[in-house]
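K.L.:
Have a look at the structure that comes next, please.
The values are calculated or read from the model by the stated rules, or taken from the named source; none is laboratory data. Predicted, not measured: the structure shown is a model, and the values here were computed from it. Backbone-built Cβ (ideal geometry, glycine too); neighbour counts: all protein chains shown. The protein model used for the area step is the full one, side chains on, heavy atoms only, and it has no ligands, DNA or RNA in it. Shrake-Rupley method; radii C 1.70, N 1.55, O 1.52, S 1.80 Å.
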Amino acid sequence: MKTAVTGRWRALIVSGLFLALSACGVGTSDGGGGGGGTPIDEGGSQIGGSAQNGGGGGGDSDRPQLSLQRREGEPILVRDSGDDKKDNDKLECRDVNPKAVAIEGQEAPGTHGQLFDGQDSYYFGFDEPRVNDRGNAAFIATYGHYLLVSNSLTPMEIGGAGIFFWDRDEYQLRPVALAGQLTDVGYLSGDHGLKSFDGPALNKNNQIAFSADGIEPLSDNLVPQLLNLYCDTLSALFQANPVDDSCQSFDLVPIAQRGDAAPLDCEAHFWDFNEVAENDYGDIAFEADLLKDGVEVTVPAAAEGPVTDGMTIEGNSSGIFLWKSDENEFVTVVKEGDILPGVAGGHYCDYPKPGGPWLNNDRVVTFQANCIEDINGMRMPQYEGSIFIWREDRGVELFLKKGSLFPNIDQCPDCSPIPMVDLQPVITDIDVGYPGISDDLAVFKLGLLDGLLYFDVVATKPLYDSAHAQNFDLCGVDGEPLGHDFVLKVGTPSISRDNVIGYAGYVEGWEHNYWVSKSATFSCFEGDVYPLVIEGDKKPVGDKNKFGYLKDESNSNKYEVFLDVGNHPTGVFTSDTIPQL
């Protein structure tokens, strides 16, 4: 069994990566365009080619040194001493080689010439980008044209949604799962736009786990009659396995589908599959809705025809489960009605849906319980949002409780202009991105209330600590300067297998103007925060395009992916996670 690792960062970054900044005066490089189709820039020329790396040389003599602030008996907090900070060094010394993975207007591979949709307040284009240690990416996208009408997606032309894979080495985009594609379960659907799929989760072996909704079954009798209902579509959990090392195509293997027995003491069956996580061994953690055996389904009198997805079904339940790939076995992590430890007898309930699940290579699962009820069915908001950890030999345990105290952060003018008071902050909000845990750390964005002052921090906690341990390492605080007078506003974080942290957030006080904010993506190494791509940087598409509003960052050891939904062409982009020498 692993022992708790406290008071340090284990920056096991792969060979060849260094924590030194590259030479100053070099902005982001102009990278190549997305693969697959042939997008056209505003000037009519083709977008493509490899990135031009700028800069070179440099050292770490100006890099702020870390100091460990701890007194006997106090929790561990790592802060940047900031002794040798130079004005705006971190903003000017960026050479992170941004590249376009997929952009609006580009031909979506496998769709016979249809184009990726743009993404703004009316159109839905890209969602849930993920990256692995090889720098390959997976994401959901719509193609054709889907217009938001009366809060529902109405197809204006032939189009659909799909999951796509981007190969960094080959610089090519490939389809994984497309609307209308035939699988062993049935025909995949794109009628619900981006919501046709959930996930994807991508591991280092280029396996992609995802769930699919609205599947048209191959047979009217595919759903077992014991469910006592009529149903015209299916939901299923898939693992897409590369057919060969070149990842030219993927074999979609159904792991579970609607009607399959769930691993519970009582008779229950999977109904809908939602969020998924996957580790490097191909194990899959997932959240699913359930239908108990023998429960009569009540169809509203006004409804006609078959019961369809999205309707409330009497007797519905839910849970989080783990599929062991080597044993082809399902294990229950938590199910509706289970008592959650450490929250005054509260039990797990269905809605709002949980955060996560998150899964590491040791088959440890963590999840955020956003619905907790007492024995009388009354909600317990004081605990909702708490994080729980599951290990097969120990079951569910409390890991981080909403409402608990966070360690004092000593006032540090070089670290943060926030006037910290002597009160111990209270954790009032918890947010996590994907992936949310490594093999020994969990990462959170924590909303803290210190007296009347509210602020956010990005913090990690050793995964094998108890709920009462306060061994947090900090990696970004609202108000932390990045240069002379640039201020960071942190976002929802993710963490790589080797504890590299990334998130999308804001730089406030741009060019000495505190009225100007710019979105950006960030990486954190051993407590130091590095801005990577900033709104307004040159976009690696065309000659004049610049990045707009950046969101949904997810990272691995060496690479990040994120969405630009602000400036056209919108799309999925990637960059290095540290400035390269």
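K.L.:
Please return the ranges of strands (runs of 3 or more DSSP E) entirely within region 463-577 where 2 or more residues are charged (D, E, K, R) and open to solvent by 30 Å² or more (accessible area, probe 1.4 Å). Working first, answer last.
P.N.:
Working: elements: 473-477, 487-489, 493-495, 501-508, 517-525, 528-534, 550-555, 559-564, 571-576.
Counting at least 2 such residues, we get 550-555.
K.L.:
Moving to a separate point now. Under the condition of being surrounded by fewer than 24 Cβ atoms within 10 Å (Cβ to Cβ) and either in a helix (DSSP H, G or I) or in contact with a Lys or Arg (Cβ under 8 Å, 6 or more places away or on another chain) (or both), which residue from region 191-205 is modelled with the lowest pLDDT?
P.N.:
Across region 191-205, the extreme among qualifying residues is Leu194.
Every residue, every condition in (1) touching a helix residue (DSSP H, G or I) at 6+ places or on another chain (Cβ under 6 Å); (2) open to solvent by 10 Å² or more (accessible area, probe 1.4 Å); (3) closer than 20 Å to Lys324 by Cβ; (4) modelled with pLDDT under 95, yes or no:
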residue: Gln207; (1), (2), (3), (4): no, yes, yes, no
residue: Leu218; (1), (2), (3), (4): no, yes, no, yes
residue: Phe238; (1), (2), (3), (4): no, no, yes, no
residue: Asn241; (1), (2), (3), (4): no, yes, yes, no
residue: Asp245; (1), (2), (3), (4): no, yes, no, yes
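K.L.:
If you take the residues in region 441-451 that are of a type outside the set (Val, Ile, Thr) and open to solvent by less than 10 Å² (accessible area, probe 1.4 Å), which one is farthest from the chain's Cα centre (by Cα)?
P.N.:
Start the filter on region 441-451 by keeping residues that are of a type outside the set (Val, Ile, Thr), which leaves 441-442, 444-451.
Those still in the list that are open to solvent by less than 10 Å² (accessible area, probe 1.4 Å) too: 441-442, 444, 446-448, 450.
Numbers: Leu441: 16, Ala442: 13, Phe444: 12, Leu446: 16, Gly447: 19, Leu448: 22, Asp450: 28 Å.
So the residue we want is Asp450.
K.L.:
Further question on the same structure: In region 353-378, which residue that is free of Cβ contacts under 8 Å to residues at least 24 places away in the same chain and over 26 Å from Arg497 (Cα atoms) is surrounded by the fewest Cβ atoms within 10 Å (Cβ to Cβ)?
P.N.:
Here is the first cut: in region 353-378, the ones free of Cβ contacts under 8 Å to residues at least 24 places away in the same chain are 370-371, 376-378.
Narrowing the set further to residues that are over 26 Å from Arg497 (Cα atoms) leaves 371, 376-378.
Values: Cys371: 20, Asn376: 5, Gly377: 8, Met378: 9.
This residue is Asn376.
K.L.:
Among the residues of region 272-286, is there at least one that is modelled with pLDDT of 90 or more, of a type in the set (D, E, K, R), surrounded by fewer than 21 Cβ atoms within 10 Å (Cβ to Cβ) and not in a strand (DSSP E or B)?
P.N.:
yes
K.L.:
Does Tyr454 satisfy the criteria of being of a type in the set (Phe, Trp, Tyr), open to solvent by 40 Å² or more (accessible area, probe 1.4 Å) and either assigned to a strand (DSSP E or B) or modelled with pLDDT of 90 or more (or both)? Walk me through how you get there before you give the answer.
P.N.:
Working: of a type in the set (Phe, Trp, Tyr): yes; open to solvent by 40 Å² or more (accessible area, probe 1.4 Å): yes; either assigned to a strand (DSSP E or B) or modelled with pLDDT of 90 or more (or both): yes.
For Tyr454, the condition - of a type in the set (Phe, Trp, Tyr), open to solvent by 40 Å² or more (accessible area, probe 1.4 Å) and either assigned to a strand (DSSP E or B) or modelled with pLDDT of 90 or more (or both) - is met.
K.L.:
Within region 344-359, is even one residue outside any strand (DSSP E or B), over 19 Å from Phe238 (Cα atoms) and at pLDDT 95 or above?
P.N.:
No, that holds for no residue.
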